[in-house]
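Trainee: Please find one structure pasted underneath; my questions will follow.
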Amino acid sequence: MTPAIPSSILDMLSLADPSWRPHLLAGLEATARADPAYLPALVSQPYLPNGGRLFAAFAQPLDAVRYVLVGEGPYPRAESATGVCFMDGAVGLLWSEKGFSVAVNRATSLRN
């Protein structure tokens, strides 16, 4: 029997396209079996992305996806956490006349 997956995480699955849900649920079940304490511990403390955006990267239908780029977004602040790796919600424009915008340079700086 698979240990329980917290309802708050299951609720966030509703924001993913239905074509992804069986795969995401299988991953959550595997995580719960491997470490039953992990998911409950995750939801018991603040984590990013918040606001139900945990599965935001899966809004596109599976059959419309050609490639999956896997990464972990180092969210330094809540407004940066979009739920999509490599995208900083605090950054507006990527480019300026001189190259990367100031916001991109700040967001990607090792000084964060």
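Trainee: Scan the stretch 32-53 and report the pairs whose first residue is closer than 14 Å to ALA4 by Cβ and whose second residue is among the β-branched types (Val, Ile, Thr) and in a loop (DSSP other than H, G, I, E, B), with Cβ atoms within less than 7 Å and a gap of 6+ or a chain change.
Mentor: Short answer, once both residue conditions are applied: ALA32/THR2; ALA32/ILE5; ARG33/THR2; LEU39/ILE5.
Trainee: Quick one: which of ARG66, ARG53, ARG33 is among the charged types (D, E, K, R), part of a loop (DSSP other than H, G, I, E, B) and at pLDDT 85 or above?
Mentor: Answer to the selection: ARG66.
Trainee: If a residue has to be free of Cβ contacts under 8 Å to residues at least 12 places away in the same chain and within 23 Å of GLN45 (Cβ to Cβ) to count, how many in the stretch 19-30 make the cut?
Mentor: Residues that pass the stated criteria total 2.
Trainee: Suppose the filter is surrounded by 12 or more Cβ atoms within 10 Å (Cβ to Cβ), out of contact with any helix residue (DSSP H, G or I) (no Cβ under 8 Å at 6 or more places or on another chain) and either polar (S, T, N, Q) or at pLDDT 95 or above (or both); does GLN60 pass it?
Mentor: Against the criterion (surrounded by 12 or more Cβ atoms within 10 Å (Cβ to Cβ), out of contact with any helix residue (DSSP H, G or I) (no Cβ under 8 Å at 6 or more places or on another chain) and either polar (S, T, N, Q) or at pLDDT 95 or above (or both)), GLN60 qualifies.
Trainee: Scan the stretch 1-30 for residues that are of a type outside the set (A, V, I, L, M, F, W, C) and more than 24 Å from VAL65 (Cα to Cα) and jot them down.
Mentor: Of everything in the stretch 1-30, those that are of a type outside the set (A, V, I, L, M, F, W, C) and more than 24 Å from VAL65 (Cα to Cα) turn out to be THR2, PRO3, PRO6, SER7, SER8.
Results for (1) more than 21 Å from ALA59 (Cα to Cα); (2) buried (at least 16 other Cβ atoms within 10 Å of the Cβ), shown as yes or no for each residue.
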residue: ILE9; (1), (2): no, yes
residue: SER19; (1), (2): no, no
residue: GLU29; (1), (2): no, no
residue: ALA32; (1), (2): yes, yes
residue: LEU42; (1), (2): yes, no
residue: TYR47; (1), (2): no, no
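Trainee: Just to be sure before I move on: is ALA16 in contact (Cβ under 8 Å) with a residue 12 or more places away in the chain, of a type in the set (A, V, I, L, M, F, W, C) and out of contact with any Gly (no Cβ under 8 Å at 6 or more places or on another chain) in the structure I sent?
Mentor: Yes: the conditions hold for ALA16.
The values are calculated or read from the model by the stated rules, or taken from the named source; none is laboratory data. Quick caveat, the model's predicted, so the values are computed rather than measured. Neighbour counts are summed over all protein chains in view; Cβ atoms, including those assigned to glycine, are modelled from backbone coordinates with ideal geometry.
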